[in-house]
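The values are calculated or read from the model by the stated rules, or taken from the named source; none is laboratory data. Fair warning: this is a prediction, and the values are worked out from it, not measured in the lab. Cβ coordinates were reconstructed from backbone atoms using ideal geometry, including for glycine residues, and neighbour counts include every protein chain displayed.
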Amino acid sequence: MATLTSYSNSPSIEALKRTDELALAGRLALELMHEINNPLDALGNLAYLALEDADDAQQVRTYMCQIEEQVTTLKRIVGQTLGLARSSPMRKRERFVALVEAAVRIHRKTIAAKRIQLVSEVLEELTVEVHTGEILQLISNLMANALDALPEAGTLRLRVHRDSWEVHIVVADNGHGIPSEYSQRVFEPFFTTKQDKGTGLGLHISKKIVEGYKGRIRMRSSVRQGKTGTTLRVSLPA
């Protein structure tokens, strides 16, 4: 009887499963809040600037276009993080330089605050057929990962080029680097070495986006003194 009583007071498998699901939902919510923080900051700044320059119609139009970019980013972040269906099944041809510039605008506050040297190399004429919000989120996630790792006055390099078969996106930083024992885990959901920043979904979501295009994402990192840094390279079918 004691044994039966002990079992009856234990949590059932279904209850444990439900607890795990609730924990996962909580972690997703935390990551969602982290991911949308930069676009929300950008929206607030752009709205303020639009009001300040209300008499300049051309400038206000420019700000409104940038606001639209941030709204697109927010929608894509929510859709990807919560596993929702794409808002649009259609891809369209985009200039990569425009996507990179939009991603840089998302992070310009952090870049300025940390006095980051940004080195960007993107061919003006390079275009690709993509879901705009997905690739914008991908570049933004890779940049966010690099910016978190960079010290004050560090260097962030963005390069986009293509060969006969693929378009390559390279994001490199001279931050603290990632130890080799963690290199195989950086794309796992919820894995992070940042301790007080994020919950480890940024690179996992980026990998899922890349796989949706049947592409590849690779990481190279060094923690050697004087040569620390991380390079993330995405290759997408051209």
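Worth a mention:
- Number of positions in the stretch 211-220 that are over 16 Å from ALA144 (Cβ atoms) and of a type outside the set (D, E, K, R): 3
- Any hit, the stretch 174-196, residues being at pLDDT below 85, in contact with an Asp or Glu (Cβ under 9 Å, 6 or more places away or on another chain), assigned to a loop (DSSP other than H, G, I, E, B) and buried (at least 21 other Cβ atoms within 10 Å of the Cβ): no
- Residue check for GLU134: touching a residue at least 40 places away in the same chain (Cβ under 8 Å), exposed (fewer than 13 other Cβ atoms within 10 Å of the Cβ) and not in a loop (DSSP other than H, G, I, E, B): no
- Pair list, Cβ < 7 Å and 6+ apart or interchain, from the stretch 222-236 residues that are buried (at least 16 other Cβ atoms within 10 Å of the Cβ) to residues that are among the charged types (D, E, K, R): GLY229/ASP173; THR230/ASP173; THR231/ARG220; ARG233/ARG218; SER235/GLU166; SER235/ARG216; LEU236/GLU166
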